[in-house]
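The values are calculated or read from the model by the stated rules, or taken from the named source; none is laboratory data. Note that the structure is predicted; figures quoted are calculated from it, not measured. Here the Cβ positions follow ideal geometry from the backbone for every residue, glycine too, while neighbour counts run over all protein chains shown. Ligands, DNA and RNA are stripped out before the accessible areas are found, and what is left, the full protein with its side chains, is counted by its heavy atoms. Shrake-Rupley method; radii C 1.70, N 1.55, O 1.52, S 1.80 Å.
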Amino acid sequence: MAESDRYEAGRRVLSSMLGEDAAEASARKMRTLHPEFERLVMEQVMHDLYGRDGLDIKTRLLCTIAALTVLGRPQQLAVHIDRALGCGSTRTEIEEVMLQMSAFGGFPATWDALTVLQGQIQEE
């Protein structure tokens, strides 16, 4: 698949997560960080990873939340909580993923993740 095709396919995946307007805003934000960053995210993350067969996007987002919980990445955790909620995950499902990670990333990581989730839910 050509790079431009991978980019467009990645944009469709992001739009399916966020809706077209929010996907465009997200892409614009990535471009402001670095001109090539958006392209890399669309091709490598959205198309090559999230666009794969085998798992649905909701499951992939819950896996991402698990990883970000363990890694202690609060900014990206907040972004992916919003995406997971938009793709049909419930607060309970997200909480359970975070609680499961207490055994693998530790209680402080889970505490921080639950705090991020609480902040995201209160913002809505």
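Identify which of A23, A78, A103 has the largest mean-square fluctuation in a Gaussian network model of the chain, with springs joining Cα atoms closer than 10 Å.
Checking each option, the largest mean-square fluctuation is seen for A103.
What part of the accessible area of the stretch 1-44, given as a whole %, is carbon or sulfur when the probe is 1.4 angstrom?
Working: 1500 of 2710 Å².
Here carbon and sulfur together make up 55 percent of the probe-accessible area.
Across bins of 10 angstrom width beginning at 0, how are the C-alpha pair distances of the stretch 68-124 distributed, in whole percent?
27, 61, 12
So for the stretch 1-65, averaging the separation of alpha carbon pairs under 8 Å that are six or more residues apart and normalising by length, what relative contact order in percent results?
Reported relative contact order: 42 percent.
Could you calculate the contour length gain from T59 to E96, that is, 0.36 nm times the residue separation minus the distance between their Cα atoms, to one decimal place in nm?
Length gained between T59 and E96: 12.0 nm.
Over the Cα atoms of the chain, each weighted equally, I'd like the Debye log10 I(q)/I(0) at q = 0.09, 0.17, 0.18, 0.20 Å⁻¹, rounded to two decimals.
Results for the chain at q = 0.09, 0.17, 0.18, 0.20 Å⁻¹ read -0.26, -0.87, -0.96, -1.12.
Residue separation times 0.36 nm, minus the C-alpha to C-alpha distance between Q122 and F37: what's the value? Write out the running numbers ahead of the final one.
On the way: separation 85, 0.36 × 85 = 30.60 nm, distance 3.01 nm.
Between Q122 and F37, full extension yields 27.6 nm more.
At most 15 other Cβ atoms within 10 Å and a DSSP loop assignment: could you name the GluC sites (Glu not before Pro) in the stretch 1-64 that fit? Mind showing how you got there, number by number?
Details: sites: E3, E8, E20, E24, E36, E38, E43; in loops: E36.
Counting only loop positions with at most 15 other Cβ atoms within 10 Å, the GluC sites (Glu not before Pro) in the stretch 1-64 are E36.
Rounded to the nearest 20 Debye, what is the dipole magnitude of the chain about its Cα centre when Lys and Arg each give +1 and Asp and Glu each give -1 at the C-beta?
The calculated dipole for the chain is roughly 160 debye.
Counting only helical runs of four or more DSSP H residues, what would the 222 nm mean residue ellipticity of the chain come to if each run contributes -39,500 (n - 2.57) and the total is spread over all its residues?
-23000 deg cm²/dmol
Expressed as a rounded percentage, what relative contact order does the stretch 58-124 have, with Cα pairs under 8 Å and six or more residues apart? Let's see the in-between values first.
On the way: 66 pairs, mean separation 27.5, N = 67.
It rounds to 41 percent for the stretch 58-124.
Using Cα centres only, tell me the gap between the stretch 90-107 and the stretch 6-34 in whole Å.
27 Å
Taking a probe of 1.4 Å, how large is the accessible area per residue of the chain, in Å²? It would help to have the intermediate numbers written out before the result.
Working: 7340 Å² over 124 residues.
That works out to 59 Å² for each residue.
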